[in-house]
Amino acid sequence: MEKFQTLRSGVVPLPIENVDTDQIIPARFLKATTREGFGENLFADWRYTADGQPKPDFVLNDARYVGHQILLAGKNFGCGSSREHAAWALYDARFRVVISSYFADIFRGNALNTGLLPLQVSDEVLLGLFEVVAQNPQAALTVDLQAQTLTVPGRNEVIHFDLDLYKKECLINGYDDIDFLISQEAAITAYEQQRSWVF
C-alpha cells in the first residue's frame, strides 16, 4: 500500500444514498484474485452503456473531475455484500479517500485494509461539501491524516474525523496487517526473550 499522510485533491461528487458493493463493482467482474485491474469496472453499470461505451452523464466520465482522488458519496456507502473487491476497485481507480456520513462496517474495514480512507462526517457537513463542489467543481479538499482533519476551501472550516489509531498508523506507514507485524519484529523478539518458556 502507498503511504498516506496528507492529501490535497479535487472531489468527485456522487450524491446517491445506499450505494451497495454490487453497484461499486458488479459481481460479474469478481473473477480475478489480485487487487489490480478492478478500477476499470468501478461503477460499471452506471458508467457504461450495454455495449461498453461511456455514459456522458455519469460523473466518472465528466472531464471536470478527471484525476480527483476524493469520492464524496451519499449516506450508507458500501452497504450490501461483504466483497473486498469494492474497496480494491476504488483504490485501483486512484481514489484514496471516500467521504460519507455513514459507511457499512465491513466496507469500512475492507477500505482501511486496502489503503483507502473512509472519512465519516455528519449529515450536515456532507451536505455542505456537496454544495462546495457544486459551486466549484475544482474545489480541493485537504485531508491531514496525522492531525485527523479535513480542510474545506473558502470556508475557513477544519473538520476533525475519528479513526482507529492502529489503522491510522498502518495508513501513514503504508502497512497492511502483515507489514505491521513485521515492523514490530524487534519488539516481539525482545519480549519473547524475557519469557521463561522461550526455548
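The values are calculated or read from the model by the stated rules, or taken from the named source; none is laboratory data. Everything numeric in this text was worked out from a predicted model, so none of it was measured. Note that we place each Cβ from the backbone using ideal geometry, even for glycine, and neighbour counts take in every protein chain shown. In case anyone asks, the SASA skips ligands and DNA or RNA and just uses the protein heavy atoms, side chains included. Shrake-Rupley method; radii C 1.70, N 1.55, O 1.52, S 1.80 Å.
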Looking only at residues in region 1-15 that are more than 11 Å from Phe130 (Cα to Cα) and assigned to a loop (DSSP other than H, G, I, E, B), which one is modelled with the lowest pLDDT? Met1
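Table: residues versus (1) modelled with pLDDT of 90 or more; (2) buried (at least 19 other Cβ atoms within 10 Å of the Cβ).
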residue: Gly115; (1), (2): yes, yes
residue: Pro118; (1), (2): yes, yes
residue: Thr149; (1), (2): yes, no
residue: Ile172; (1), (2): yes, no
residue: Tyr191; (1), (2): no, no
Only one residue in Leu126, Leu141 is touching a residue at least 40 places away in the same chain (Cβ under 8 Å), part of a strand (DSSP E or B) and either surrounded by 11 or more Cβ atoms within 10 Å (Cβ to Cβ) or polar (S, T, N, Q) (or both), so which one is that? Leu141
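Condition check ((1) among the hydrophobic types (A, V, I, L, M, F, W, C); (2) more than 16 Å from Val98 (Cα to Cα); (3) touching a residue at least 24 places away in the same chain (Cβ under 8 Å)) across all residues:
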| site | (1), (2), (3) |
| --- | --- |
| Gly37 | no, yes, yes |
| Ala50 | yes, yes, no |
| Asp57 | no, yes, no |
| Tyr65 | no, no, yes |
| His68 | no, no, yes |
Assess whether Ala134 counts as being part of a helix (DSSP H, G or I) and within 14 Å of the chain's Cα centre (by Cα). no
Filtered residue count, region 148-161, keeping only those that are hydrophobic (A, V, I, L, M, F, W, C), in a loop (DSSP other than H, G, I, E, B) and either closer than 14 Å to Ile70 by Cα or free of Cβ contacts under 8 Å to residues at least 12 places away in the same chain (or both): 0
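What do you reckon, is Thr49 open to solvent by 70 Å² or more (accessible area, probe 1.4 Å), on the phi < 0 side of the Ramachandran plot and over 16 Å from the mean Cα position of the chain (by Cα)?
No.
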What pairs come up if the first residue lies in region 87-113 and is closer than 21 Å to Glu131 by Cα and of a type in the set (Gly, Ala, Ser), the second is crowded, with 21+ Cβ neighbours inside 10 Å and modelled with pLDDT of 95 or more, and their beta carbons are under 7 Å apart, counting only those six or more places apart or on different chains? Ser100/Ala73; Ser100/Phe77
For region 65-105, enumerate the residues that are open to solvent by 10 Å² or more (accessible area, probe 1.4 Å), under 17 Å from Pro26 (Cα atoms) and either touching a Lys or Arg at 6+ places or on another chain (Cβ under 8 Å) or among the hydrophobic types (A, V, I, L, M, F, W, C) (or both). Cys79, Trp88, Tyr91, Asp92, Ala93
Identity of the residue in region 53-64, part of a loop (DSSP other than H, G, I, E, B) and within 17 Å of Pro26 (Cβ to Cβ), that ends up least open to solvent (accessible area, probe 1.4 Å): Phe58
Could you please let me know if Lys3 is under 26 Å from Thr151 (Cα atoms) and open to solvent by 40 Å² or more (accessible area, probe 1.4 Å)? yes
Kindly evaluate Tyr175 against the criterion of being in a loop (DSSP other than H, G, I, E, B), of a type in the set (Phe, Trp, Tyr) and closer than 30 Å to Gly37 by Cβ. yes
Is at least one residue of region 18-31 more than 18 Å from Ser100 (Cα to Cα), of a type in the set (Phe, Trp, Tyr), open to solvent by less than 20 Å² (accessible area, probe 1.4 Å) and touching a residue at least 40 places away in the same chain (Cβ under 8 Å)? no
